[in-house]
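Notes follow once the structure below has been shown.
Coordinate-derived values only; no laboratory data. Keep in mind the model is a prediction, meaning the values are calculated, not measured. Cβ placement follows ideal geometry from the backbone for every residue including glycine, while neighbour counts extend to all protein chains displayed.
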């Protein structure tokens with residue numbers, strides 16, 4: 001079956017580093033982190049470090065009939081909307097030249113914004129008289145009518161952004177909403193890419209968003225033993241370092257706009273990258289359903305390189321998932337070193353999550369956006385807070401400072417609990433059209 005080439009003509013990113021792609025890239029280039037200490041009286045100190053979005057840019061062209069639907073978008077979905085709007089604005093002509101029925105939309109929501117009792121807390125406080133010993137249901141009911149947002153349950157639905165974007169930019173072709181964690185941002189990109197490859201759409205938008213900084217979510221992640229104890233403050237997120245002890249959560253939204261290569265070239269579009277390959281695979285860990293397999297992403301990486309018709313020696317760098325957990329990072333490095341040894345080649349590695357905090361599905365797409373900017377400027381981003389790897393991985397090219405690269409393809413990896421991994425190979429055009 002003959003498949004069409006897919007290119008990237010628009011990108012959008014909102015994170016703790018900045019409110020658009022330009023701000024985010026400048027922060028990465030300056031080796032700045034968006035992780036801060038955000039004091040809360042009812043949280044242990046190590047749970048008070050996070051990548052919180054300080055500001056964002058809301059689009060100004062929302063039709064009056066759609067403004068009412070905005071109330072269903074929670075904080076996290078707003079970040080996804082801002083990123084999607086930026087990506088579409090970069091490729092506005094590509095959207096206008098495509099019939100609504102040939103526009104695909106895939107949205108990945110790793111969102112925990114509305115997990116908790118924040119919405120009903122004021123009413124519960126009134127119903128108990130702030131003593132929390134017994135409850136007066138009449139007072140609770142009266143207070144809830146006045147102090148609880150009647151849409152708080154609807155705001156927790158993960159397909160709200162998909163529904164809103166479908167109407168906002170008239171995406172009427174193939175599409176779906178995915179609700180889970182990493183690697184679902186990568187899965188959304190893969191589905192968007194395949195829709196164009198298989199001639200089911202001429203343009204497609206892949207969006208990932210998430211927020212992992214809710215109090216209850218922080219406690220749940222801590223219970224899983226995958227959060228850093230933050231003994232080194234905001235510098236505690238240390239992927240692949242021998243002293244790593246988990247990740248620091250964040251929030252944000254990221255989006256990539258795709259078109260068929262033929263259509264983009266016909267209109268003289270600014271092509272930011274070409275999707276050379278996409279892949280998704282699962283490595284099972286027998287007897288341990290939620291454990292990380294020994295080589296969590298090896299099958300996926302080998303598969304994507306076959307799809308891209310490339311080898312390790314063709315890559316400028318690899319962006320691993322880099323969660324910063326002991327077992328997860330070791331499994332990921334086992335995967336890449338096995339492949340390096342088999343192909344008798346290597347490539348630099350750069351872990352990007354310490355810049356923003358782990359944003360779930362948003363990180364999957366955000367890291368591809370940063371990778372494109374990096375290749376455009378001929379640099380491999382630094383891995384923040386990295387000092388030294390375990391002895392068995394000491395020969396890998398992981399650096400706490402930027403490195404020079406002279407190739408134009410990179411590979412990005414995302415994996416999740418249970419052994420699922422998603423990978424993509426992107427080729428960046430030789431001409432440097434920096435899109436800020």
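Descriptive notes on the structure:
- Computed Kirkwood radius, in angstrom, where 1/r is averaged over Cα pairs of the chain: 22.0 Å
- Residues 31, 11, 409, 50 in ascending order of nearby Cβ atoms (within 10 Å, fewest first): 31, 409, 50, 11.
- Length released on extending from residue 200 to residue 176, taking residue separation times 0.36 nm less the Cα-Cα span: 7.3 nm
- In the chain, helical runs assigned H by DSSP with n ≥ 4 each contribute -39500 (n - 2.57); averaged across all residues and rounded to the nearest 500, the mean residue ellipticity at 222 nm is -9500 deg cm²/dmol.
- Fewest-first sequence of 323, 399, 228, 243 by Cβ atoms within 10 Å of each Cβ: 243, 399, 228, 323
- Kirkwood-Stokes translational diffusion coefficient of region 273-409, alpha-carbon pairs, 4 °C, 1.567 mPa s, µm²/s: 83 µm²/s
- Region 177-214 residues near the modelled residue 92 label - backbone nitrogen below 17 Å, point 7 Å along Cα→Cβ: none
- Beta bridge orientation in the chain: antiparallel %, DSSP, nearest 5: 65 percent
- For 350, 310, the sequence from fewest to most other C-beta atoms within 10 Å is 310, 350.
- Once the Cβ-Cβ distance of residue 294 and residue 387 is raised to the sixth power relative to R0 = 25 Å, the FRET efficiency obtained is 0.50.
- Centre-to-centre, using Cα atoms only, region 317-396 and region 46-86 are separated by 29 Å.
- In the chain, Cα pairs under 8 Å separated by at least six residues give a relative contact order of 23 percent.
- Inter-site label distance for residue 67 and residue 138 at 7 Å from Cα along Cβ, in nm: 4.1 nm
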